[in-house]
Every structure is written in structure tokens, then in C-alpha cells.
1. Is one or more of the residues making up the stretch 104-118 more than 10 Å from ligand 2 (Cβ to nearest atom), in contact with a Lys or Arg (Cβ under 6 Å, 6 or more places away or on another chain) and under 24 Å from Arg271 (Cα atoms)?
2. Restricting the stretch 178-211 to residues that are of a type outside the set (A, V, I, L, M) and surrounded by 23 or more Cβ atoms within 10 Å (Cβ to Cβ), which is farthest from Thr95 (Cα to Cα)?
3. Of the residues in the stretch 67-76, how many are surrounded by 22 or more Cβ atoms within 10 Å (Cβ to Cβ) and away from ligand 2 (no atom under 16 Å from the Cβ)?
4. If the requirement is being part of a loop (DSSP other than H, G, I, E, B) and under 24 Å from Leu293 (Cα atoms), which of these qualifies: Ala361, Ala332, Ala424?
5. If I filter the stretch 77-105 down to residues being in contact (Cβ under 8 Å) with a residue 60 or more places away in the chain and of a type in the set (A, V, I, L, M, F, W, C), which single residue comes out as surrounded by the fewest Cβ atoms within 10 Å (Cβ to Cβ)?
6. Since Ser351 meets every condition but one in (1) hydroxyl-bearing (Ser, Thr, Tyr); (2) touching an Asp or Glu at 6+ places or on another chain (Cβ under 6 Å); (3) farther than 30 Å from Arg487 by Cβ, which condition does it not meet?
7. In the stretch 416-444, which residue that is within 16 Å of ligand 3 (Cβ to nearest atom) and under 20 Å from Ser382 (Cα atoms) is surrounded by the most Cβ atoms within 10 Å (Cβ to Cβ)?
8. Across the stretch 227-251, what is the number of residues that are free of Cβ contacts under 8 Å to residues at least 24 places away in the same chain and out of contact with any strand residue (DSSP E or B) (no Cβ under 8 Å at 6 or more places or on another chain)?
Amino acid sequence: MSPKQPFLRWLVVATLFSACSQGTDATANIGTGQPPLLLYCRSQIDRLSNSEILLRTGQNLGTARVNDIAGRECSVRLHPDSNRLVLTRERTPGTRASRELYLSSIDGSVANTQITNNNVQDDNPCWSPDGTRIVFATTRNGDSQLYSADADGGNQSLFLNSSLGTDDRDPDWDELHDKIVFARRTASTGTRQLMLVNGDGTGEVVLSRGAPATIGDTETGDRDPAFSPDGSRVVFVRLVNAVLGKLFSIDITTGEETLLFTPVGMLRFPRFSSGGDRIYLGVDQPISGRTGLRLTAIHADGTQPRLVEPGKQWLLDGVDVLPSAPAPSESALENLSVQTADVQFASGRVSSGSKRDLTWADSVELKLATDTFQDHELAAISCRFTLPVTEAADVLAIEVRIVARVSRSDANTTLRSSIFNPGASRYDTTVEKPNPGAQVPTTLSFTIQSLAHMTLQRDVRFTVIGEIGAGAVAELSIDEVHLDFVRRAPPK
Ligand SMILES: [Ca+2]
Ligand SMILES: [Ca+2]
Ligand SMILES: [Ca+2]
């Protein structure tokens, strides 16, 4: 192992206490120039007013952003011309009643144009398949109702009649069958379920069986429906309460529901890729050491969740997709031994063990005594792996599992891993377990598909950090550092 390096120590320490402070990440990374696949809204987790709409590839490459103005952008939707946008902007970040609809565009040819103006929530816009109309939700008459407008925001009028106490939201409009799916809370049942209606507002039917929901824009019941590209299915979230959601798909002909993904946490804003092979959504998993909705990709069958934006600094506020080729086919998971990695000490000093003890979770550990740093006891290593691929872009996923423990634990103690973002020259916190307990072996794991966290030299670098409350010198014991990766399958 290499001795402690001053630069590395600075880099790790500088990011330990400021993981949320980054405002921009102008990343000139590999793959720049590739066509974007994802259009999404994100807000800084500790400063919602720092909010923007980005364009990225499915592997988190690219630096383009939509022309921005003040306010928190949400629910962006791409026009069928693949350029014009309709979105919600929260003029007072954190206040839903300040939400208004805006028009914009990817190429800047449409200036930010506000098309609603009132003191109530206007939200969840979607385009008609021919791009001539917008359907959206508004509380301008009290309960949330679906309204429609012309493509320029003119002629706003009630789209769907609903009885008193009914709350309609989250419309999505399918091209092939000209159907609109939306989420409705019915006052008499207290249930929010998905409904289908024809594009002309006729033929309203119940789609999903729904779940109990409270009044208003609350995070319960069936929400966020989105059609599959062939219009045969709808993916949606069934929100059990404010911290727990499940991802389902439902067959629009039979009404059969399929549970796709239950990560023990909150899910929002699922959207199919244009090829129908992936679903992009926001996942919040405190139990796994990840708070805040992070942009995640899963296979359409609900397997293989992977972080697209792995860091904790951004909250997802909506996602849409651009037309694109299906994701490349994948080879089987491969292990890369930690013995091949360059392991460096960023803080603390070895008290026993060595790199070879990191290979297996066998209770034979590398132990580091902490250094004192800014009222904390700190020990950290950095692991740099060079992936055995021809090009960085051949890596489709990286899975990391770390098993570690701290000798003492309190409210000021955290076990954490962060991954180096070379374009932004910072570490992004992928997973953190606050107050993990004294001497309790704790797993830190994350799976990413972000190539923004690899170098052109095919290196990926992440940390294992024990940050322990003030007091006597403490110990960080690391039992395992395990890395698997998925490479692009060779052409047949
Ligand atoms: Ca903004
Ligand atoms: Ca409004
Ligand atoms: Ca071990």
C-alpha cells in the first residue's frame, strides 16, 4: 500500500464535510458529444432554489442544461418534436401553491414562457401525442382537476368533469391508443387509483385497484403513471406512506398488476426508455444509506437497479426520455479483486492488517486508528481500481460492497463511501450509515452506471470513511472491499 498522500488527504477531507455544497459540475468527461437520452429536473438537496433541467446520456455523460431561470423546475415533459418542453416551475421553492406551468425548449429557441399565473398549484403537464395540446392538473377550483390548454398555453379550460372532493393528477397521454392515464383520489372511498380516459375526455374507466390516500398532493395512493412505448402497459408507484413506495406495472387491457420493484424506501417519477427496455425513476433508500430521490435506472422487469446520478447532493424532481437506441446487451457480472487495486490511506494509520485482509468478509480486518480532524476522529482509505476493459465506455455497471465497523458510535458518527467524480474534481457520497453502532459490522453498497465516475484511463476510485464523534482515538476496521462490474457484451 502507498503511504498517505497529502493531496489525497486534502481531497477526501475537503469533501467529507461539504458533500452538499457543490452547485455546478461542468463535467468534460468521456462520451461528451454522445446524444442525450435523459431529460431531468434536479434540485440541490440543501438548497432547493438551486434547480435546473439537464440532458445526459443513460450513463450520466454530457453537460448540457436547458436555459435556466430562478425557481425549482419539476415535471419536465418533452414535446413530440423532441425539442419543445413544458414543465412546472415552483416560483417559491418548497411551496407547491407557487407552481406554474412554463414552456421552454432544449435548443433555446423557445424562451421561458409562463403560461399559468395564480396562487394555486398548477402541475404535472403532458403533451398530446400530436403536440397541439397540453393536459395538466390545477387546483384553481379547489380540488385538483385536469385542464387542457393549446400548445402555446392559450384556451385553458376544464378537461375532465369530476365530482366534489375528487382529486385528479399526474396525466400521461399514450400515442398509439390515444388514451390518457391519470391518478384519482375519490372522496367516498379515500382511495387513489389510476383511471383511463380517451383523448377526447370520454370513456372514463378505473384501471388500478389503488391504495388508501389522504387529501391533497400527498404521497399516498397510486401516483406517477407513465405509459410503455407500445401503450400496452403503465408503470406507476403505489405510495404506502410518505416514506415507502412500490413500483408496479399494469396491463391496460386486463388490469393485471405486476410488482416490479420494492427497494424499502420512496420511489417517484418512473418513465420508460423509448425502447421500453429500461425504466428511469427516483429512488430514496434511507435504510440502504441513501436519502433523497436519486436518479436510478432499472431493467423493465424491475431488476438491476443502478444509480445514474450516484451522489447525494441532488434531488430528482422529474424525468423524461429522448428517443434512443435500446441499451447495449450485457455480459455476466465479473469480479475484480481488491488485490489489483491501489489502496491508499487518506486519514488515520494502520494498527493491524493489510490490503489482503480486504478480500473476504471473514472477520479478518484491516484496522486503522483515527486521526483527529475538526472535532472528529477520522480514518479513511481510498481504493483505485483499473477496470480490465478496452474503453471506459465498455463498462455498463459497477457494484461495490464494503463491510466495515467503527469502534465507537454516536450521533456524530458516520460510516461512508464516496466515489471520485474526475470531471468535477470532487467525491460524491454514494452511501452513508449514520450512527452504525459500536463494533457492528456494517455493509455499505452501491451500484452505479455513471461513466462520469470513471476516468479515460478506466479507473474508478472510491473511499471508505469512518467519521467518529469527538473523543479518544478510535478505530475503523474494514473487513471487505468487493467490486464487481458488468461489461458490454461483444457483438455477435
Ligand atoms: Ca431554476
Ligand atoms: Ca399556479
Ligand atoms: Ca476480511
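1. yes
2. Step one: of the stretch 178-211, the residues of a type outside the set (A, V, I, L, M) are 178-179, 182, 184-186, 188-193, 198-204, 208-210.
Filter once more, so that each one left must be surrounded by 23 or more Cβ atoms within 10 Å (Cβ to Cβ): 182, 184-185, 192, 208.
Details: Phe182: 23, Arg184: 22, Arg185: 22, Arg192: 23, Ser208: 30 Å.
Out of the qualifying residues, it is Ser208.
3. So the answer is 1.
4. On the way: Ala361 fails: under 24 Å from Leu293 (Cα atoms); Ala332 fails: under 24 Å from Leu293 (Cα atoms).
After applying the criteria, what remains is Ala424.
5. Ranking the candidates gives Leu78 first.
6. Just one mismatch for Ser351, condition (2).
7. So the residue we want is Leu444.
8. 1
The values are calculated or read from the model by the stated rules, or taken from the named source; none is laboratory data. Bear in mind that the values here come from a model prediction, so they are computed numbers and not experimental data. Note: ideal-geometry Cβ built from the backbone for every residue, glycine included; neighbour counts use all protein chains shown.
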